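The values are calculated or read from the model by the stated rules, or taken from the named source; none is laboratory data. Just so you know, these numbers come straight off a predicted model, no measurement behind them. Neighbour counts run over all protein chains shown; Cβ positions are idealised from the backbone, glycine included. We work out accessible area using only protein heavy atoms, side chains counted, and drop any ligands, DNA or RNA first. Shrake-Rupley method; radii C 1.70, N 1.55, O 1.52, S 1.80 Å.
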Amino acid sequence: MTVNFRPAYSSVGELAPYSAGKPIEELAREMGLTRIVKLASNENALGMSPLAVEAMKRAAERVNRYPDSSAWELKGKLSERLDVGRENIVLGNGSNEILELLAQLFLTEGDETLYAWPAFVVYRLATLAHGGRGVEVPLDVHLRHDLDAMAKAMSHRTRIIYVANPNNPTGTYVGREDLERFMDSLPENVPLVLDEAYFEFAMHQSDFPDGMDFFRQGRPVVVVRTFSKAHGLAGLRVGYAVMPEPLADLINRVRQPFNVNSIAQAAAVAALEDDHFVQKSLDHNRNELGRIRDAVEKMGLTVTPSYTNFILIDLGDRSGQDVYEALMRRGIIVRSMVPYGLPHTIRVTAGLREENDIFLEALGEIIE
Ligand SMILES: *Cc1c(COP(=O)(O)O)cnc(C)c1O
């Protein structure tokens, strides 16, 4: 078959497809295992709010209708909660879609984006998919964003800057003062995308900067958040971003009109009402991350202090890939950090207490 497609950007050739954590069903099938523990994708161990489940059931009865394209109710709730205008909010099919739409709007062939490495791989994917070139600035020795080095790496071709705060896959964050100093050094016309997917897990740190404050100060920021992590709605795909109105207006023109489905909208509204569930998730997460850290340190390994729902474990001179595969053979899915240039580490999501115990016992055996 011959097709006449638009010539792809040469950068698309450098794209490796996003490698997601292995699905539970696939590993079970491959290994003939019945018990699988998945600690690979930073999902909420406790599930989701029962209020969200009820809302989804009710919404399911009405799926013959198209969703509300303006997401009136969800945007209203978010606008109240965040103290920002409805016109400043953009919703996405996961916050991933918003990252993608931003790249689509800002980049033409040869443009640059600026972000740390290792950081969330979607910045690289979205950049390359739209003909851009990602300028990747190594994290500092503590695996934190090196904002001074990033400021130096700015060029006249930089069109988007991404800072994941806290960062994935390291779990580290940059403090308010450092971030403010960085923003002061940036030109007005280049948006800083503050990806706060793990906001809830870090917000109680006294020097953790709330991106919404920067937005309200009128800085050129796009603050991106998600219902996938603390709210436990990863499978529904719903995220949001707050940004200056002209930009929100542009995105609302190019996005698909029904990009957030009706069940997701209903669940997100309900999830926002359930502070109790979020708090329970945060408490659980703090306890379990602490337990994992203590147990891992007893094994003589080290961890990077994490302000998220996952933790990076340094395996010393062992290969992260080998440990990842050995865990996989026992039905435990974590993330190998080889693709992120950290060959001696794995990233592990805090699961249920029993799941974490299974992981810790297996890890202890493997590294012996
Ligand atoms: C999980 C995650 C997201 C969320 O993606 P969704 O598309 O909203 O599920 C965004 N950014 C980072 C850094 C993440 O780790």
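Structure values in brief
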| item | result |
| --- | --- |
| Strands (runs of 3 or more DSSP E) wholly inside segment 115-207 that include at least 2 residues being more than 16 Å from the ligand (Cβ to nearest atom) | 133-138, 158-164 |
| Failed condition for THR308, given (1) touching a Leu at 6+ places or on another chain (Cβ under 7 Å); (2) open to solvent by less than 20 Å² (accessible area, probe 1.4 Å); (3) not in a helix (DSSP H, G or I) | (1) |
| Residue check, ASN44 more than 30 Å from PRO246 (Cα to Cα), within 16 Å of the ligand (Cβ to nearest atom) and either part of a helix (DSSP H, G or I) or within 18 Å of the chain's Cα centre (by Cα) (or both) | yes |
| Residue match in segment 6-22 (condition: within 16 Å of the ligand (Cβ to nearest atom), closer than 16 Å to ARG237 by Cβ, open to solvent by 50 Å² or more (accessible area, probe 1.4 Å) and modelled with pLDDT of 95 or more) | no |
| All positions within segment 344-368 that are touching a residue at least 24 places away in the same chain (Cβ under 8 Å), in a loop (DSSP other than H, G, I, E, B) and surrounded by fewer than 19 Cβ atoms within 10 Å (Cβ to Cβ) | HIS344, LEU352 |
| Top-ranked residue in segment 208-226 [being within 13 Å of the ligand (Cβ to nearest atom) and in contact (Cβ under 8 Å) with a residue 60 or more places away in the chain; ranked as farthest from ALA116 (Cα to Cα)] | THR226 |
| Subset of segment 47-69 [buried (at least 18 other Cβ atoms within 10 Å of the Cβ), more than 16 Å from the ligand (Cβ to nearest atom) and closer than 15 Å to ALA234 by Cα] | SER49, MET56 |
| Residues of segment 237-250 satisfying the condition of being farther than 13 Å from SER70 by Cβ, away from the ligand (no atom under 15 Å from the Cβ) and of a type in the set (D, E, K, R) | GLU245 |
| Residue match in segment 238-245 (condition: in contact with a strand residue (DSSP E or B) (Cβ under 7 Å, 6 or more places away or on another chain), more than 24 Å from ASP275 (Cα to Cα) and among the hydrophobic types (A, V, I, L, M, F, W, C)) | yes |
| Residue list for segment 322-337, restricted to those being in contact with a helix residue (DSSP H, G or I) (Cβ under 9 Å, 6 or more places away or on another chain), open to solvent by 70 Å² or more (accessible area, probe 1.4 Å) and in a helix (DSSP H, G or I) | ASP322, ARG329 |
| Among the residues listed as ASN88, ASN93, the single one being within 16 Å of the ligand (Cβ to nearest atom), modelled with pLDDT of 95 or more and either of a type in the set (S, T, N, Q) or surrounded by fewer than 17 Cβ atoms within 10 Å (Cβ to Cβ) (or both) | ASN93 |
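This table checks each residue for (1) within 14 Å of the ligand (Cβ to nearest atom); (2) assigned to a loop (DSSP other than H, G, I, E, B); (3) under 20 Å from the mean Cα position of the chain (by Cα).
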position: SER228; (1), (2), (3): yes, yes, yes
position: HIS231; (1), (2), (3): yes, yes, yes
position: GLY235; (1), (2), (3): yes, no, yes
position: ASN252; (1), (2), (3): no, no, no
position: ASN259; (1), (2), (3): yes, yes, yes
position: ALA271; (1), (2), (3): yes, no, yes
position: VAL278; (1), (2), (3): no, no, yes
position: HIS284; (1), (2), (3): no, no, yes
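Results for (1) over 30 Å from MET56 (Cβ atoms); (2) under 20 Å from the mean Cα position of the chain (by Cα), shown as yes or no for each residue.
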position: SER262; (1), (2): no, no
position: SER281; (1), (2): no, yes
position: ASN287; (1), (2): no, no
position: ALA295; (1), (2): yes, no
position: MET299; (1), (2): yes, no
position: THR304; (1), (2): yes, yes
position: ASP322; (1), (2): yes, no
position: GLU325; (1), (2): yes, no
position: GLY331; (1), (2): no, no
